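K.L.:
Here it is: the structure, laid out below.
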Amino acid sequence: MATKKNSSAKSPQATSRSNRDSMRWILGLLLLFAGLFLTASVLFYYFDWRADMSLVSGVEQEDPRLADLSDAIENPCGYAGAWLAERLVGRSFGLFGIILPLIVTMVGVRIIRQRPLLFNHSVLGALLILILGSLTLGFAFGEKWAVFGSGWGGAFGVEVARRLTSVIGVLGNIILLLGAWILTGVFINRNFINTVNTAGNAMVDKGGKIVDLVKQSVVNVADHRSKSGEEKTDPEPEPDSKPESERPQPSRRCVGPHFRCGWSGRGDDSAACAGCGSRSR
């Protein structure tokens, strides 16, 4: 009798638990399919956005033109996929818009496998990457090339990056994004701080070696220039100590009408040509 009472007492709890598991599994499956559909829509939108953007931009689901537009959509996920992808990519987060469908898919898988959702770590880390990636691309490229109709960072990234730049400037924006990425990496993985320290030490060491090489090259160039300057300096001529009478005199030739006689005289300027009697010079 006691066994029957215990089994009858446990049966409602087991039934309730079984129902909760079934609902949990159904919810997880729905999220998984929705996430896969959104992921595929965004992936195809990366390639078909030029053709689909003009068709879905500004068109609501209640628009009477929906029946005609569905035939012209090139996205394999149809008008709904192209419309959702345009909202996630072009009007929101740009290239990083695919992270949101991946989050939905990850949550669905965890629910089906009955794993902890870890919203405070996995999902929050993915959301930080989503926002920082959009801001980084919006700051780096802005509206260049009009990718996705708004830019690589989407309308959200471009507009927020523009406002931040107007407040803290370009340098402040760079420092803010760099610090945010480092903090996000540390939040996702504690070992990331060791990677940052290793990279910082390597950069400092390389910087010191470069400075030493520059100093050494400057010293070598200065030494080379000083040596070449000493070699090019001509020594001063030593004064001639011989009397003027013993110094060699320049040769002189006949300047008279018979200069072809070949006579040359040395010494006294009064010497005359033996052939014509003219003075030499």
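K.L.:
Do any GluC sites (Glu not before Pro) in segment 78-166 lie in a DSSP loop with no more than 16 other beta carbon atoms within 10 Å, and if so, which?
P.N.:
Working: sites: 86, 143, 159; in loops: 143.
Sites meeting the loop and neighbour criteria: 143.
K.L.:
Compute the distance from the alpha-carbon center of segment 73-114 to that of segment 125-199, in whole Å.
P.N.:
Taking the Cα centre of segment 125-199 as reference, the centre of segment 73-114 is 21 Å away.
K.L.:
Per residue of segment 76-93, in order, report the coupling 6.51 cos²θ - 1.76 cosθ + 1.60 (Karplus, θ = phi - 60°) as ³J(HN,Hα) in whole Hz, putting x for Gly and Pro.
P.N.:
x, 7, x, 5, 4, x, 5, 5, 5, 5, 5, 6, 6, 9, x, 9, 10, 10
K.L.:
HN-Hα J couplings of segment 151-163 from phi, Karplus 6.51/-1.76/1.60, θ = phi - 60°, integer Hz, Gly and Pro as x?
P.N.:
x, 4, x, x, 4, 5, x, 5, 5, 5, 5, 5, 5
K.L.:
Roughly what would the spin-label model give for residue 54 and residue 195, points 7 Å off Cα along C-beta, in nm?
P.N.:
4.3 nm
K.L.:
A follow-up question, please. So how far apart, in nm, are the two label points at residue 163 and residue 178 if each is 7 Å from Cα heading toward Cβ?
P.N.:
For the pair residue 163/residue 178, the computed spacing is 2.5 nm.
K.L.:
Taking R0 as 41 Å, what's the FRET efficiency between residue 25 and residue 218 from their Cβ-Cβ distance, rounded to 0.05? Intermediate results must be reported in sequence, preceding the final value.
P.N.:
Values: r = 72 Å, r/R0 = 1.76.
For residue 25 and residue 218, the calculated efficiency is 0.05.
K.L.:
Return the sequence-ordered ³J(HN,Hα) values of segment 23-33 in whole Hz as given by the Karplus equation 6.51 cos²θ - 1.76 cosθ + 1.60 applied to θ = phi - 60°, using x for Gly and Pro.
P.N.:
Each residue of segment 23-33 in turn: 5, 4, 5, 5, 4, x, 5, 4, 5, 5, 5 Hz.
K.L.:
Continuing with the same structure: Rounded to the nearest 0.05, what FRET efficiency do residue 204 and residue 114 give with R0 = 41 Å and r taken as the Cβ-Cβ distance? Could you check?
P.N.:
On the way: r = 48 Å, r/R0 = 1.17.
My answer for the efficiency is 0.30.
Laboratory data are not the source of any read-out in this text; all were calculated from the coordinates shown. The shown structure was predicted, so the numbers you read here are calculated from the model rather than taken from an experiment. All Cβ positions, even for glycine, are placed from backbone atoms using ideal geometry, and neighbour counts span all protein chains on display.
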